[in-house]
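Report on the following structure.
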Amino acid sequence: MTEILSLTEDQRDCLQEIVNVAMGQAGDSLARFLEVFVHLSVPRIRLVGSSELPEALTQLVGGAESICAVRQGFYSISSGKGMRGEALVIFGDKSFKELAELLAYEDDLNEHTEKELLLDVTNVLTSACLNRIGEQIETELAYSSPSILGFRMPPQEAVSPEKLIWSQALLVEIHYTLEKGSFSCNLMLLMPEEVIEILKKALDHLLESFE
Amino acid sequence: MPIPLLICDDSAMARKQVRKSLPTHWDVDVTFAENGAQGIQAIREGKGEMVFLDLTMPELDGYGVLQKVKEEGHKAVIIVISADIQPEARERVVKLGALDFIKKPIDSQKLEEVLKKYGLL
């Protein structure tokens, strides 16, 4: 079993606020993309080891039998910061249908357009979120293009530990409520241990500046 | 007399960030609230003539606080400080009685500009 690195309460609060600012940015991007007003909720964050991810994920999707998962890699382009990892966005089947309806995709929804929709929304969410996180810890990030990790499959299969490169996962639960219905998805940032350590140092540095 | 100033945000870091961004010689008496319910209570107790209010909070959110302030007729000057940067969020809070809207993360320069704009400094 992977050892779970823990965050202190101050670090967790600090990271949650950073993610909150980031999700505000992503919410705005999503609102523009969907042309609706998006109600934001407080994002919940926690760290889990990647071996425990399938179980955590099953809980997060509320027992949904089938999910879609999209992966997108990120790395810092500024030297010496060493931020790198992979973002996963998980959509439950129900949310996915709602999203498609919002985008008026329902008439011509086929596997190709569905996948396109997943990739588009993932790109909007991860880039907005990670850019803001990067900005707040003063590192500039670049991304690989998103790809489908699992399409309509049980959570355990979609995010099986052997598919994942990194040992630690920062789970971010995001819930956006839209004017016409709700849509939730989960964003996970998977990172190697040493990057979590870099992140923790950056958080401590930020916290010190407010003392 | 110092101005009773309420900083209402569920994040401890965000509260510190706002406090740290306050103009140095501003004569204020700061109270903190960790959610909207605590916030409205502090306003009722006269601790928030001036309020810096977050929007996404548990218990009662910022929209709820603005609504209650309106309903109960408190004379609070409220500036929303939020991560919700949708233009419509700004319109909504101003409609609900907020004086202005500042994007998170806040910094002292932005805050001073807004306070000066309304002659609050």
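Excluding residues fewer than 8 places away in the same chain, name every one of the aspartates and glutamates whose C-alpha is closer than 17 Å to that of B:K47.
Here the aspartates and glutamates satisfying the reach criterion relative to B:K47 are B:D9, B:D27, B:D29, B:E34, B:E72.
List the lysines whose alpha-carbon lies under 20 Å from that of B:K116, not counting same-chain residues fewer than 8 positions away?
Result set, ordered by chain and number: B:K20, B:K75, B:K103, B:K104.
Kindly provide the helix-only [θ] at 222 nm of chain B, computed as the sum of -39,500 (n - 2.57) over DSSP H runs of four or more divided by all residues, to the nearest 500 deg cm²/dmol?
Only helices count here, giving -12000 deg cm²/dmol.
Under 16 Å between C-alpha atoms is the cut-off here; go through region A:9-209 and count lysine pairs that meet it, provided they're at least eight residues apart or on different chains.
The number of close lysine pairs in region A:9-209 is 6.
Let me know the mean shielding of B:84-92 by other chains, meaning the per-residue number of their Cβ atoms within 10 Å of its Cβ.
Whole-number average of other-chain Cβ neighbours for B:84-92 is 6.
Among A:V61, A:T8, A:G27, flag the residue with its Cα farthest along the positive direction of the charge dipole of region A:1-79, charges on Cβ as +1 for Lys/Arg and -1 for Asp/Glu.
A:G27
Please give the calculated 222 nm ellipticity per residue for chain A, where each DSSP H segment of at least 4 residues contributes -39500 (n - 2.57) and the sum is spread over every residue; nearest 500 deg cm²/dmol?
One gets -14000 deg cm²/dmol as the mean residue ellipticity at 222 nm.
Per residue of A:82-91, what is the mean number of Cβ atoms on other protein chains within 10 angstrom of that residue's Cβ?
Average per residue, whole number: 0.
Kindly provide the chymotrypsin sites (Phe, Trp or Tyr not before Pro) of region B:1-86 that DSSP labels as loop, not H, G, I, E or B, and whose Cβ sees at most 16 other Cβ atoms within 10 Å.
The qualifying sites are B:W26.
Please report A:L7, A:L187 as a ranked list, fewest other C-beta atoms within 10 angstrom at the top and most at the bottom.
A:L7, A:L187
B:K70: which lysines have alpha carbons under 16 Å from its alpha carbon, excluding same-chain residues fewer than 8 sequence positions away?
The reachable lysines, counting only those whose Cα sits under 16 Å from B:K70, are B:K95.
Can you sort B:Y118, A:Y143 by how many other beta carbons sit within 10 Å, fewest first?
B:Y118, A:Y143
Give a residue-ordered list of calculated ³J(HN,Hα) values for region B:34-39 (Karplus: 6.51 cos²θ - 1.76 cosθ + 1.60, θ = phi - 60°; whole Hz; x for Gly, Pro).
9, 7, x, 5, 5, x
How do A:S41, A:S50, A:S145 rank when sorted from fewest to most other Cβ atoms within 10 Å of their own Cβ?
So the ranking, lowest neighbour count to highest, is A:S145, A:S41, A:S50.
Report, as an integer, the average count of C-beta atoms from other chains found within 10 Å of each Cβ along A:9-20.
The shielding value for this peptide is 5.
Every number here is computed from the coordinates shown, using simple stated rules; none is lab data. Everything quoted here is computed from the prediction, not taken from an experiment. Every residue, glycine as well, gets a Cβ built from its backbone with ideal geometry; the counts of neighbours run over all protein chains shown.
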